[in-house]
Amino acid sequence: MYKYRVVATIVEIRGKDGCSYGHKVGDSFEFSQYMPGGLCQFAYDSLRSAVAALLYGGNFPWAQNSEVTTWACPDPENTVIFELRRFPAE
């Protein structure tokens with residue numbers, strides 16, 4: 001199983017129209033071996049590589065803290081910004 005769990009929380013939505021899928025700031029999604037229910041497929045596709053790295057203990061060389069990073073969905077008009085936070089598996 002995974003060494004960690006990852007929670008993606010929406011911290012910002014850029015653009016005047018908001019998320020077309022209906023996500024709101026504060027929405028959270030926990031990642032494990034399956035796609036979290038209720039998460040937009042496009043956001044999931046954007047997040048999954050970063051989440052996989054965090055789930056297996058990887059880090060990003062540009063991040064000062066390997067337990068948290070931010071990632072964005074691919075919508076150029078109304079971009080949803082996620083904070084990805086890693087926690088030890090329980």
For the stretch 7-36 the trypsin sites (Lys or Arg not before Pro) that pass both the DSSP coil test and the at-most-12 other-Cβ-within-10 Å test are Lys16, Lys24
Could you sort 58-65, 3-10 so that the peptide with the highest average Cβ count within 10 Å comes first and the rest follow in order?
3-10, 58-65
Taking a virtual spin label 7 Å from the Cα of Lys16 along the C-beta vector, which residues in the stretch 67-85 bring their backbone nitrogen under 20 Å of it?
75-81
Please determine, in degrees from 0 to 90 and to the nearest 10, the orientation of helix 41-55 with respect to the longest principal axis defined by the Cα atoms of the chain, where the helix direction is its Cα long axis.
20 degrees
With +1 assigned to the C-beta of every Lys and Arg and -1 to the C-beta of every Asp and Glu, and no other charges, what is the dipole magnitude of the chain about the Cα centre in debye, to the nearest 20?
200 debye
Given bins 10 angstrom wide, list per bin the percent of all Cα-Cα distances in the chain, short to long.
18, 52, 26, 4, 0
Of the stretch 17-36, those with amide N under 12 Å from the point 7 Å along the Cα→Cβ vector of Ala72 are none
Förster-model FRET efficiency, 35 Å R0, Val25 and Lys3, C-beta, rounded to 0.05:
0.75
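Read-outs throughout are calculated quantities, based only on the coordinates presented, and are distinct from any laboratory measurement. Here the structure is a predicted model, which is why all the values come from computation and not from measurement. With ideal geometry, Cβ positions are generated from the backbone for all residues, glycine too; neighbour counts draw on all protein chains shown.
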